[in-house]
Structure formats: structure tokens, C-alpha cells
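*Asks:* Got a structure for you, written out below as C-alpha cells; questions coming shortly.
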Ligand code: AMP
Ligand code: MG
């Protein structure tokens, strides 16, 4: 561990001159040595570029034509320590699968610094840290491609997420279930602070009966990311309660978006929950193919704790852990309970808003004003989709085209047993008469993606990349960056999953 905190000013000057990506010490570094360990990346042999995001490069102010040079390749593979400041592995704790796991921390992530735009840049897979425990500090090409693509796919869908600047690979062998090769992902976010950071300093405070670090962390997060929680009339406890309420609302909004789009995270441990309400730590995630509310995408989750339909309740449970960690800063438990009560209404509001858009009945288009009628319509539809295991993305895309053309036959063809569906369709068509149908279709085609990062698509581009062919990966990235566009000639990327997709297993091993 570092004896003294990193000095942000001194570091900023050193870094701007020499690093291919100009970074300064992140605000997090000023919290002090108890929050992280300085750790240089461990070099990897023969690094090569796998993928990069022009959008994220632009966010960081990088020159599109030139930034991917050899110096950047070395820096972003962990072979050239940034001059800005020592890289940092942060310490956190957390609940894993509902059980207190104690100290965890960045076991394979290193914070390189913060850009002029206030974005933190982190390497994932750049070697061991003091928090690696039994792990090797590495990430494999397979899972890194999944995280790279999903970060950018989520952004394309308009869902809050950490971003990915680029992915580099190396022939260095990495042992998982089989022998694989190493990769380093460069992640970007305003902050990588997790619920688990708060839990860590709460647990530490309990032992020492002093909560200075917890206070400092909460003050940092409020000052940098939730300044609106401060109000002139607030007591300190009210400010921290406002933080909890704001995190609760953001998390609820995020979960509503996951549920509407059919995204299953797979490992919703509290250390994988972003304090900013971002989708964070892509592992065994999956976008639903056939609609199955009880779907468990993580092969390691034998009890089904993180099944698709349980995600909102789990997020609420995780917020309970955050609330517990914040108790020393609050007036009493009642304040925590009140703050968490914001979750359910925020979730329902956002979920119904998203579903109304998916149905083309968004309020902005003069659609359904009556929330309970909408909730009933959505509930009946989801039951029908679940009963017949209808393909979720294809259903919505076909419905969007049906509203545009007036021909619902391709949607009906998705149902083997039609009577329930036809009854539902009658009531839906009735509602459609109350809105401008051209506008409804337009809204639906901008809400229901044509291209979704299904497991089998990820698997196909991974197999090609493992053979050194990155063209399919680039194609899929392009489609996912703008998943609502038609991209004629790319129908195969929007089709039903092949039979072999059912045999793909994704687990915590990454
Ligand atoms: P995850 O399940 O990926 O969220 O990881 C849980 C914890 O294990 C975190 O503290 C990670 O940093 C750590 N971890 C996961 N994989 C590795 C690895 N290969 N090497 C070191 N630490 C790891
Ligand atoms: Mg994690």
C-alpha cells in the first residue's frame, strides 16, 4: 500500500507531456492510501489490437486517425506504465450470492487515471494486484470480447453503462477451464465506485468504531457525482440520505431498462453494483432469446439467485446492503428505509414508460395515459410470450414493422397457440387507433432493436477472433453501435439463434 496519497497536481503535469492518453490522478486518489494500493501493470508479450471504439476515443478527446499507435498499444496492454501517476487497485468488499464475502477489491483492474473530461480510465486484466487473492490478475480474450461488445451495445441501446475504449490481446497463455489467451480491456467511466466500496469502509469502521473513511468516500461521491444531494437546509444526515435515495432511483431506472430490453446480468453481487447506476462488470450476461422469466444465464448460479425475473428484487436487496453501510452517516434506520422506498415506484414508472414506447403507445405520442390499463396490457403480453417461449427481440421488431405496415401475420406466426395472442392483439389494435400510427411505428423502430448481442453472435465473433480474424467482431460492433438501423444485407445477424446456441454455457470463469 502507498504510505501517502498520490498528489494529483504533480501527477497531472508529468502525465500530460508523455502519455499517449493524457491522464491526471483521479479524484479517487485524493481519498488517501487506505482506499487503494499503487500497482504497476504486469507486462504481456507481443500485444496486438483486437478492437476499439471510435465513439469512446472521441469522448476522451483522442485523435481518431492517430491515437492507435504503438505507444498507446504498449500502454493499454500494461507494458508501459503511465507517467501520470502510479496505477491504482482500489479496495472494496461485498456480498456475493447473498453472503458476506469480506474484502475483495480490484483483483485484475487498475485505474490508470482520469482524463481532462473527468472520465476514469481503467485496465482490466493487466496483472495481479494485492487484491487478486487466488486469481491470476488476467482476463481472457473470450470474455473480454464479450465485455467490450456489451459495453458498446448497451450504450447503443441507450442504457447506462461503463464504456470500452479498446481491447488488446496477447499470445500469453491463461488457464481457465481450457487454455486460453490473455487480453486487456480499457474501460472508461466517470467512476468505478461500487456499493462494495461503501460496504468495505463500513465493515472497517465497525471494527475500529470510527467511520472517517466511510464519510470521506460518501463526501467524494456526493461532491463529484451527486452535488444535487446537497441543499442549504439539509443536515449532514439528510444529505447522505439524499444520496441513498438518488442511488436507489438510478438503480431502479437501470433495472427497468434491463428488464424491458431482456438483459440478464448474471452476477449481481454488491461488488458489481455501480454507485452511478451504470451496468458494470460484464461476465456471464445474456440477452434473452426466447422469453423465459426464470432464465438463469450464469452456469455457476445453480440456485438461480440471479434469474432474469429476480433482478429488480436483487437490486433492491443490494441497495439494502448499501443502506446498511451508510447507517453510521444517517440519523436512524427510518431514514434509510424511507430512502429505499423510492425504488419500487421509480422502477414501475420507468418500466412502464419503456414498455409503452416498445408498444408505440408512449405518452409523448398521445398514447396511453392510464397506467393501470398499460400495466395490464404489458402483463398479459409477457405471460403470452413466456407461455410460448417466443423469441423476445424478434417479437418486438416484428411488432414494430407490423404497426408500420398493418400486416400482423409475421408476428402471429411466432405463436403456435393463437387464441390468447389474437385476443391480446385485438385490444392492442384498439389502443393503436387512439394514436398516430406512423409516429407509433417510428417510436417502436427506435425502441426495439434489430441487432442484439445474443450469446451465439458473441460466440461466433470470438471463435473468429481466436483464429486471428477480427472482421466479424468489427461488423458486429458496427451493428450494435446503432442497433435500430436496418443495415440491409445483415439479416443473419438479426435472426433466430441456431440450435447449437442452447449448448453455450457462460459462467463466472472469465
Ligand atoms: P467478479 O466475479 O468478476 O465480479 O470478481 C469478483 C472478485 O474476484 C473481484 O474482486 C475481482 O477483482 C476478482 N477476480 C476475478 N477474476 C480474477 C482474476 N482472474 N484474477 C484476480 N482477481 C480476480
Ligand atoms: Mg466484479
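Only the coordinates and a few stated rules stand behind these numbers; no lab work does. All values derive from a computational prediction rather than experimental measurement. Reconstructed Cβ throughout: ideal geometry from the backbone, glycine too, with neighbour counts over all protein chains shown.
*Asks:* Determine the distance separating the Cα centre of segment 177-204 from the Cα centre of segment 20-42; give it in Å without decimals.
*Replies:* 14
*Asks:* Shifting gears a bit: Wrap a convex hull around the Cα atoms of the chain, take a quarter of its surface area, and give that in square nanometres.
*Replies:* Taking a quarter of the hull surface, the average projection is 24.5 nm².
*Asks:* Continuing with the same structure: Whole Å is fine, so just give me how far the alpha carbon centre of segment 259-320 lies from that of segment 389-436.
*Replies:* Rounded to whole Å, the Cα centres lie 28 Å apart.
*Asks:* Treat each spin label as a single point 7 Å out from the Cα along the C-beta direction, and report the residue 238 to residue 116 distance in nm.
*Replies:* With each label placed 7 Å out from Cα toward Cβ, I get 4.0 nm.
*Asks:* Taking the alpha carbon gyration tensor of segment 27-192, what are the square roots of 5 times its eigenvalues, largest first, to the nearest whole Å?
*Replies:* Values: eigenvalues 102, 76, 60 Å².
After scaling each eigenvalue by five and taking roots: 23, 19, 17 Å.
*Asks:* Can you tell me the order of 461-472, 261-272 when each peptide is scored by its average per-residue count of other Cβ atoms within 10 angstrom, highest first?
*Replies:* 261-272, 461-472
*Asks:* Rounded to the nearest 0.05, what FRET efficiency do residue 372 and residue 502 give with R0 = 51 Å and r taken as the Cβ-Cβ distance? Could you check?
*Replies:* 0.85
*Asks:* For residue 417 and residue 59, calculate 0.36 nm times their separation in residues minus their Cα-Cα distance, and state this gained length in nm to one decimal.
*Replies:* Length gained between residue 417 and residue 59: 124.0 nm.
*Asks:* Write down the radius of gyration of segment 196-349 and its Dmax, each obtained from C-alpha positions, in Å.
*Replies:* For segment 196-349, the Cα radius of gyration and maximum Cα-Cα distance read 16.2, 51 Å.
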